[in-house]
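So the structure is just underneath, and the comments pick up after that.
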Amino acid sequence: MSEFNNEIWFVGAEMSPLVKAGGLGDVMGSLPKFLLRAGINVRVVIPYYKNIIPKNLLDIRETYPAGRVNFGEIPFEFGIKTGFAMGDIPIVLIEQNHFFNREEVYGTHGGVCAYKDNLWRYAMLAHGTAYAMKILGMPLVVHTHDWSGGFVPAVIRQTFGDKKVSVNVSGSAEGILSGKLSRSVSAKGLRPAIAFTIHNLGYQGVYGLDDFYDIGLDFKYNSSDAYEHFGTINSLKGGIKLSDIVTTVSPTYAQEITDSRFGFGLDGELKNLRNTGRLRGILNGIDLDYWNPKTDKLINYNLNIKNDGYGIKDYAEWKKFKLNNKKALFSEISLPLKKDKDGKILPLIGVVSRLTEEKGINEFLDALFNWNDFPFQAVILGSGKDYIEGKANYLAEVFKDKVFAQTGKYDEALSHKIYAASDIFVMPSKFEPCGLSQMIAMRYGCVIAAGDTGGLHDTVSDITNPDAKNPSGILIQYTDPNGIAWALNSLYNIYASGEESSKSAGKEKEKNGNRKWSDIVINSANKHFGWEDSAKVYEDLYYDIIK
Ligand code: ADP
Ligand code: GLC
């Protein structure tokens, strides 16, 4: 504990495939893995959700003496365990059965019915993290995530002081962040550098100010320079205020959140940060090994090609991939394969989503309800708000032979099958910090219909934009039922007018914005959403805050 270790600690509430409620889990699972492979010393700190984490993915090596924190008058003990996740990712587990041994991560219905004690649960994560540093040695950087990681910066400052480590050596990010430090750096009176990533400004961890006495934090953090926000405790705000650098998960979202339409009351803070160069937008990647149509064990038919799945121009193989996966999925869920009047199989729309207002699925369901004899089939997987789940189930009941819905629970295997079988993936979000589902869907050869916002804007290239390069879908400006119907109808017309592109006609048609289905599928499948570029940007950012 007397010296800094050359390590970066990721702290968050989820880590896929151990435990996942949404995209945060994907990022916490895939970015550390990528950095590790690039030679950076990374550890991931998460709560030990014993009920949720499959035992076979964990290799616990050490258990350390318990730590203790007072929440108000009540002392709580917690444990620290270390080991490896998924074989070789170093992990620190914060064990506190009362808070973390639950059936769900944040609460039921995709977290919509949140556990009432989430404030204390995630304050516990922060105290556990600081205690683990005392025991295991200090990392140079702590990279904490979202409102659930928002108390980490305060607990670190309270425990180790406000003065930040400075390695003060010349060199490159690679040289300093991998291998051993060339000289020892004493940790006396210093804290690690802190990076904070906002994955979604719509969830800020807001609680009553009275509870500030009860989360083991000095009362000085109850100020507008830290967690106080209009008379509430706001975990995300404190995270922003007390970190050395703040990032969010796409360049467009980093712009949007400085505007009051997207800022959820924190746009002023974020504008200041941006103006002082402390807010950066870095696009997420996905784990291309896990999400790989050629090797995915959860789908029924794998892509049968020689290379890694990129650079293929063979539409026939994609067509086979889609049809075989569709047939297998339909037989599992008892949906008949329907054809249109010309004998063409109806395109399948896929949805894999949290069912909250922001995702626009409510409006998508209305679009289908309003549409007399819609020329699609649809498979919907999601959990969230009761009324949206209810509407999805009702649609499936009314259109039994066209729509299937499974709501209320998380289903990893079904999600893979939907990505593999769908022709169109729908994501009409009102805002979307990054969005991983559309990237996964493109990797599995889906054409995208998405809201024109945040990471969707940055990753989907729009067929209606004549200047767009290699369009992979359609971006919707107004994601009301009409806007969504317009987009789906445009895609249907392309699909119905013939799939294959004739090489000579192709160029002329492209100029007119009139694309062929096969070209869009191939474009989509060839978009590369790995971590290579963004991981490099993170490395530079870590380096910036420790030097
Ligand atoms: P968000 O994090 O806002 O929910 P993202 O698009 O970033 O949105 O990530 C969503 C992730 O969660 C994707 O990996 C998606 O496949 C997955 N997902 C969402 N809902 C479910 C569900 N009910 N079952 C399985 N996976 C789901
Ligand atoms: C959040 C956002 C989503 C993003 C994910 C991972 O859950 O809603 O857009 O992709 O975090 O950063």
Applying 1/(1 + (r/R0)^6) with R0 = 35 Å to the Cβ-Cβ distance of LYS339 and ASP314, what FRET efficiency is obtained, to the nearest 0.05? 0.90
Over the Cα atoms, compute the radius of gyration (one decimal) and Dmax (the largest Cα-Cα distance, rounded to a whole number) for the stretch 315-528, in Å. 15.9, 51
For helix 386-398, report the angle its Cα long axis makes with the longest principal axis of the Cα atoms of the chain; keep it between 0 and 90° and round to the nearest 10°. 20
Gain upon complete extension [ASN51, ASP411; 0.36 nm per residue less C-alpha separation]: 128.0 nm
Degrees between helix 361-370 axis and first principal axis of the chain (Cα, 0 to 90, nearest 10): 20
Using a 1.4 Å probe over the heavy atoms of the protein chains, calculate the carbon and sulfur portion of the accessible area of the stretch 315-528 as a whole percent. 49
Among the listed pairs LYS326/LYS391; LYS322/LYS409; LYS55/LYS81, which have their C-alpha atoms separated by more than 18 angstrom in this model? LYS326/LYS391; LYS322/LYS409
For the stretch 273-358, the per residue accessible area (1.4 Å probe, Å²) is 49
For the stretch 21-56 and the stretch 387-405, what is the separation of their C-alpha centers, rounded to whole Å? 35
Placing +1 on each Lys and Arg Cβ and -1 on each Asp and Glu Cβ in the stretch 315-528, then taking the dipole about the Cα centre, the residue among TYR419, GLY343, LEU329 whose Cα reaches farthest towards the positive end is GLY343
Two pseudo-spin positions, 7 Å from Cα along C-beta at ASN482 and at LYS547, lie apart in nanometres by 5.4
For the stretch 1-82, size of Cβ-based charge dipole, Lys and Arg +1, Asp and Glu -1, in debye: 300
Hits among aspartates and glutamates - C-alpha to C-alpha of LYS116 under 17 Å, sequence gap 8 or more where chains match: GLU103, GLU104, ASP210, ASP211, ASP214
Farthest towards the positive end of the dipole of the chain, among TYR290, TYR495, SER437 and with Cβ unit charges of +1 on Lys and Arg and -1 on Asp and Glu, lies the Cα of TYR290
So, with points 7 Å from each Cα along the Cβ direction, the SER184-GLU77 label distance in nm works out to 3.3
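Evaluate E = 1/(1 + (r/R0)^6) for ALA496 and ASN393, where r is the Cβ-Cβ distance and R0 equals 35 Å; express this FRET efficiency to the nearest 0.05. Don't skip to the end; give the middle numbers.
On the way: r = 29 Å, r/R0 = 0.82.
About 0.75, to the nearest 0.05.
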About its Cα centre, the chain carries a charge dipole, from +1 on Lys and Arg Cβ atoms and -1 on Asp and Glu Cβ atoms, whose size in debye to the nearest 20 is 1100
Between the stretch 193-268 and the stretch 283-349, what is the separation of their alpha carbon centroids in Å? 41
Give me the percent relative contact order of the stretch 315-528, please, defined on Cα pairs under 8 angstrom at least 6 residues apart. 20
Provide the per-residue ³J(HN,Hα) series for the stretch 531-547, in order, calculated from phi with Karplus coefficients 6.51, -1.76, 1.60 and θ = phi - 60°, each as a whole number of Hz, with x at glycine and proline positions. 8, 3, 5, 5, 4, 5, 5, 4, 4, 5, 5, 4, 4, 4, 8, 9, 7
Starting from 0.36 nm per residue, how many nanometres of slack lie between ASP162 and THR108 once their C-alpha separation is accounted for? 15.7 nm
Taking the radius of gyration and the Kirkwood hydrodynamic radius from Cα positions alone, what is the Rg/Rh ratio for the chain, to two decimal places? 0.98
Sum of -39500 (n - 2.57) over DSSP H runs of 4+, divided by residues of the chain (222 nm, nearest 500): -10500 deg cm²/dmol
Residue by residue through the stretch 211-225, what is 3J(HN,Hα) from phi via Karplus (6.51 cos²θ - 1.76 cosθ + 1.60, θ = phi - 60°)? Round to whole Hz and write x for glycine and proline. 6, 4, 5, 10, 10, x, 10, 4, 5, 5, 7, 7, 9, 5, 7
Given LYS163/LYS237; LYS359/LYS402; LYS33/LYS547; LYS33/LYS306; LYS385/LYS527, which pairs have Cα atoms separated by over 30 Å? LYS385/LYS527
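The values are calculated or read from the model by the stated rules, or taken from the named source; none is laboratory data. Quick caveat: nothing in here was measured; it's all calculated off a predicted structure. Heads up, the Cβs are rebuilt from the backbone with ideal geometry, glycines too, and the neighbour counts pull from every protein chain shown. The area values use the complete protein model at the heavy-atom level, side chains included, leaving out ligands, DNA and RNA. Shrake-Rupley method; radii C 1.70, N 1.55, O 1.52, S 1.80 Å.
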